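Below: one structure, written as structure tokens.
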Amino acid sequence: MKPFVFIITLFFYYQAKATVLYVGSDRLYKNISAALALAATGDTVLVGAGHYKEKTLTVTKSITLKGINYPVLDGEKKYQVISIKADGVVVDGFKIIHSGISSLEDLSGIKIYDRKNVVIKNNILEDTFFGIYIQNGTNCLIQDNRLTASSREEQQSGNGIHCWKSDSMQIIGNTITGHRDGIYFEFVTHSVIWRNTSVKNIRYGLHFMFSHNDAYIANHFKNNGAGVSVMYSHGVKMYSNIFEENWGDGAYGLLLKEITDSYIDGNTFIKNTSGIYMEGASRIHMQKNLFKNNGWGMKIQASCMDIEVTKNNFIGNTFDVSTNGSLVLNTFDNNYWDKYEGYDLNKDQVGDVPYRPVSMYSMIVEKNPPAMLLFRSFITSLLDKTEKVLPSITPEGLKDNKPMMKRFF
Amino acid sequence: MKKIIKYVMSDILQNRIVLVYTFFLLVTSLSVFSLEDNNSKGLLSLLNIILLIVPLVSIIFSTIYVYNSAEFIELLVSQPLKRKVIWLSLFAGLAGSLSIAFFIGVGIPVLLFQPNAIGFMMTGIGILLSIIFVAIAMLAAVKTRDKAKGIGVAILLWLYFSILFDGLVLFLLFQFADYPLEKAMIGISALNPIDLSRILILLHMDVSAMMGYTGAIFKDFFGTGTGMAISFGVLLVWSILPVWMSTRRFNRKDL
């Protein structure tokens with residue numbers, strides 16, 4: 001009984017201690033800085049609707065900063081808006097606009113400096129340089145924020161959610177538009193990126209560097225300048241994401257460079273110039289992905305090895321797979337290819353002749369891009385047909401030995 | 001002139017081959033649209049028909065027609081008519097009737113199933129191709145007196161425009177692979193009406209593959225209003241120039 005009474009007492013003690021400080025034009029505190037200065041650890045600062053221009057708000061105590069009806073915090077295009085320098089801070093329900101622009105200081109809407117357990121949720125960020133910037137954070141939750149920037153040039157724009165040298169981050173349900181990179185990860189480990197929407201960013205929807213053992217699941221990346229890029233990492237899990245409409249040369253649904261021991265499962269690649277581009281990748285399992293209406297389904301360079309491509313659907317792509325050399329150390333078995341023309345005599349749903357996803361014309365275009373001029377001309381289909389009968393240029397080993405007769409899902 | 005055109009057209013439209021050609025086009029386009037699950041895929045299959053069959057039929061039929069109406073032409077020449085008028089009416093009759101055949105065979109189904117910019121463009125380009133190859137056929141026919149040789153030349157010309165030219169382009173591309181050829185390729189494509197038509201249609205349809213670096217350059221040119229205008233201008237030149245040359249030749253020809 002005794003410990004229980006103790007806990008209850010403790011509970012009431014803290015209850016009594018945690019006060020709520022109201023900020024608003026008709027309240028005791030007219031501005032947020034004053035309330036922040038007087039707040040103690042564990043307090044809540046409730047901010048009423050209004051337009052606050054308070055230069056940089058620096059939070060140095062572990063408090064909850066909560067906005068009612070989205071009070072506007074204005075950086076006047078000169079200042080960083082909120083700096084968080086305490087553990088366990090909660091920032092909830094603000095509209096943060098017009099941060100300053102400085103590549104030297106990386107001015108942001110909200111910046112977390114070397115802290116743990118910070119929660120940033122339900123905020124609207126408009127016209128900020130960097131949106132939410134976390135440097136050296138641990139176990140922070142960034143949830144349901146809406147970030148919009150309107151810069152045209154890469155130099156004039158920062159990243160939406162920028163995590164640097166962090167661990168155990170959760171980035172959930174955010175919407176990011178118009179930034180340089182939608183979500184940027186560098187040296188971030190054991191983190192999850194879940195259900196975010198990253199649309200129309202200037203460079204990448206998601207940019208991933210030296211970040212090991214992370215997962216990104218059920219995100220939607222659409223119409224970003226160069227798609228999504230995952231580089232120099234191992235143990236990355238990519239599940240059920242949608243990569244859509246990333247157009248242009250150098251734009252890829254998903255760019256993988258020097259990735260090892262990773263999983264790409266259940267993703268959808270639709271209408272990209274290239275669905276996946278792989279370079280120097282190894283030991284990657286690709287399963288149950290859908291490649292539909294892309295220019296190139298997969299561009300897999302000869303520098304990749306031990307890539308297992310199984311049970312994927314390739315539908316309506318101009319070229320299913322292309323490569324740049326004759327060395328093939330990867331396996332492509334049990335996929336469905338809509339261009340497969342083989343037969344299945346024993347009716348086990350597996351085609352009896354192997355399928356070669358690399359067409360002769362795609363090799364020609366790879367070596368000599370202007371040959372795109374002859375796309376869909378009679379001569380190229382003639383060349384493809386001859387090559388199918390007698391492979392000479394296309395890599396001998398790149399084939400699906402067990403192509404499926406029906407699509408998977 | 002009107003009378004001759006009317007006569008030529010009614011003669012051709014009653015011709016069994018043109019009827020079969022129209023019917024064939026109509027059946028293929030209708031079946032293509034009803035077989036494919038989405039209409040843009042149907043358009044793609046139709047594209048091959050337009051780029052191969054239409055020029056072939058236009059060029060061979062016109063050549064044969066011109067040779068077969070040699071006596072009719074001689075009769076007309078003996079009348080108080082200008083040679084230019086006779087030749088141009090013959091051209092107008094041929095081009096008009098083959099265009100009508102194409103419009104009924106492909107144009108109407110396309111506009112029924114795909115009544116958008118691509119559909120209109122495809123119909124327009126198909127008609128232009130018919131006219132261009134009638135013009136080329138007439139040039140070939142007026143240049144060679146022998147019927148067998150003339151038809152051979154027509155077939156060779158078709159072969160050149162639909163296959164050999166592309167082979168040459170591929171050869172050139174590999175010979176000059178070290179040079180930036182993207183912009184030059186735009187110019188080269190103007191040398192072949194079939195290539196030009198194909199690129200024009202594809203750039204409005206199958207954008208995904210064409211959007212690589214080269215595709216972007218093509219898109220920059222062919223996708224803009226000026227680029228479109230220039231390409232259609234080039235196609236018009238392709239139809240006018242052979243007609244003009246053949247008219248000049250016919251004026252002086254000893255029949």
Quiz item: Counting just the residues of segment A:246-285 that are under 15 Å from the mean Cα position of the chain (by Cα) and in a loop (DSSP other than H, G, I, E, B), which one comes out nearest to the other protein chains (Cβ to nearest Cβ)?
Solution: A:251
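Among B:216, B:209, B:140, which is part of a helix (DSSP H, G or I), among the aliphatic types (A, V, I, L, M) and modelled with pLDDT of 90 or more?
B:140
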Exercise. Please give the strands (runs of 3 or more DSSP E) falling wholly within segment A:16-77 in which 1 or more residues are under 21 Å from residue A:113 (Cα atoms).
Key: A:44-47, A:57-59, A:64-67, A:72-74
Exercise. Show the residue pairs that are 6+ apart or on different chains and have beta-carbon atoms under 7 Å apart, the first residue being within segment B:38-54 and closer than 20 Å to residue A:316 by Cβ, the second being surrounded by 17 or more Cβ atoms within 10 Å (Cβ to Cβ) and of a type in the set (S, T, N, Q).
Key: B:39/B:114; B:43/B:114; B:46/B:29
Quiz prompt | Scan of segment A:164-177 for residues that are in a strand (DSSP E or B) and free of Cβ contacts under 8 Å to residues at least 40 places away in the same chain, ordered by number | solution = A:164, A:167, A:170, A:171, A:172, A:175, A:177
Exercise. Scan segment B:145-204 residue by residue and report those that are within 8 Å of another protein chain (Cβ to nearest Cβ), under 20 Å from residue A:369 (Cα atoms) and among the hydroxyl-bearing types (Ser, Thr, Tyr).
Key: B:189
Exercise. Select from segment A:215-228 the residues that are buried (at least 23 other Cβ atoms within 10 Å of the Cβ) and part of a loop (DSSP other than H, G, I, E, B) and list them in ascending order.
Key: A:219, A:224
Practice problem: Answer with yes or no whether residue A:55 is surrounded by fewer than 19 Cβ atoms within 10 Å (Cβ to Cβ), under 15 Å from residue A:110 (Cα atoms) and at pLDDT below 90. | Solution: yes
Quiz prompt | Residue among B:224, B:214 that is surrounded by fewer than 15 Cβ atoms within 10 Å (Cβ to Cβ) and farther than 27 Å from residue B:56 by Cα | solution = B:224
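Residue by residue, here is whether (1) buried (at least 20 other Cβ atoms within 10 Å of the Cβ); (2) within 14 Å of chain B (Cβ to nearest Cβ); (3) under 36 Å from the mean Cα position of the chain (by Cα) holds:
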site: A:341; (1), (2), (3): no, no, no
site: A:346; (1), (2), (3): no, no, no
site: A:350; (1), (2), (3): no, no, yes
site: A:354; (1), (2), (3): no, no, yes
site: A:357; (1), (2), (3): yes, no, yes
site: A:367; (1), (2), (3): no, yes, yes
site: A:377; (1), (2), (3): yes, yes, no
site: A:385; (1), (2), (3): no, yes, no
site: A:388; (1), (2), (3): no, no, no
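The values are calculated or read from the model by the stated rules, or taken from the named source; none is laboratory data. All figures in this text were calculated on a predicted structure; none of them were measured in a lab. Cβ: placed from backbone, ideal geometry, glycine included. Neighbour counts: every protein chain shown.
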